[in-house]
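The values are calculated or read from the model by the stated rules, or taken from the named source; none is laboratory data. Given the structure is predicted, the values throughout are model-derived calculations rather than measurements. So basically every Cβ, Gly included, is an ideal-geometry build from the backbone, and we count neighbours across all protein chains shown. Quick note on the areas: whole protein, heavy atoms, side chains included, nothing else; ligands and nucleic acids left out. Shrake-Rupley method; radii C 1.70, N 1.55, O 1.52, S 1.80 Å.
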Amino acid sequence: MPVIDEAFLSSLTLEPVIEETSEQQDEAFKKIVKLLCVRDRCSNDLVERLVRSGFDRCDAESAVERAAACGMVDDVRYADILIRSRISQGKGKAGIEDELAKAHIAPDDIPGWPEAYFPDDGPSEEERAFELLCRKPPRSKNIYAAACRKLASRGFSSDAVFSAARRYAERCR
């Protein structure tokens, strides 16, 4: 066990905890703080937003990394909030996965996807699609086709779309 004395302490070298950042990176970080005060965002969204605002992509990425290191940006947390809100809005699993892909978030990186969000003892995707049609009925003369369009636009799988639309059309007759 080393003895901590003056000689030992003088032999240690001091390194900066935070590396130096440029003025542009500081401005980008300040913009991130403002954006995150409005709502939670994913890292890809922040980088693209900063680039559109005129920041260099390298500065934008380093500012987002700094914000992630501070715990301000967390793609897994963002994905969890996004998934839960889309489920409550009546979106299907495929539609949610598409939205995650647009945000450059792999569903496999989310702990518990999809079992935690779509449990086996909960309603099936077909049941959720049928409930959506009952809550917000489509308005058209051709009920089946309108129901199919509505469910497909919400991101439900084709099996769930056709079976739920068929059930709904039979119920309306």
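Rounded to the nearest 10 degrees, the angle from helix 23-38 to the longest Cα principal axis of the chain is 40 degrees.
Dipole check for the chain: with +1 at the C-beta of Lys and Arg, -1 at the C-beta of Asp and Glu, and the Cα centre as origin, the magnitude is about 2240 Debye. What angle do you read, to the nearest 10 degrees and between 0 and 90, between the alpha-carbon axis of helix 75-88 and the longest principal axis of the chain? Helix 75-88 sits roughly 20 degrees off the main axis of the chain. Of the trypsin sites (Lys or Arg not before Pro) found in the range 98-149, the ones in coil according to DSSP and having at most 10 other Cβ atoms within 10 Å of their Cβ are Arg139, Lys141. Overall, the accessible surface of the range 36-173 at a probe of 1.4 angstrom is composed of carbon and sulfur to the extent of 49 percent.
Using a Gaussian network for the chain with springs between C-alpha atoms less than 10 Å apart, which of these wobbles most: Leu151, Leu35, Leu12? Among Leu151, Leu35, Leu12, the largest mean-square fluctuation in the Gaussian network model of the chain belongs to Leu12. Using a probe of 1.4 angstrom and keeping all protein chains present, the accessible surface of the chain works out to 65 square angstrom per residue. The count of lysine pairs in the chain that are at least 8 places apart or cross chains, and whose C-alpha atoms lie under 15 Å apart, stands at 6. Qualifying trypsin sites (Lys or Arg not before Pro) in the range 1-84, where qualification requires a DSSP coil assignment and no more than 16 other C-beta atoms within 10 Å, comprise Arg39. Full extension of the segment from Ser158 to Lys102, taken as 0.36 nm per residue of separation minus the current Cα-Cα distance, would add 18.1 nm.
Ordering Val47, Leu151, Ala7 by the projection of their Cα atoms onto the charge dipole of the chain, which places +1 on the Cβ of Lys and Arg and -1 on the Cβ of Asp and Glu, puts Leu151 at the extreme positive end. Positive end of the dipole of the range 10-159 (Cβ unit charges, origin at the Cα centre): among Phe29, Pro111, Pro137, the Cα lying farthest that way belongs to Pro137.
Taking each DSSP H run with n ≥ 4 as -39500 (n - 2.57) and averaging over every residue of the chain yields -19000 deg cm²/dmol at 222 nm. Under a Gaussian network description of the chain, with springs only between Cα atoms under 10 Å, the residue in Ala145, Ala129, Ala160 that fluctuates furthest is Ala145.
For the range 1-138, the gyration tensor built on C-alpha atoms gives an oblate shape. Its axis ratio a/c (a ≥ b ≥ c) is at least 1.5, and a/b is not larger than b/c. Between the helical axis of 57-69 and the longest alpha-carbon principal axis of the chain there is an angle of about 90 degrees.
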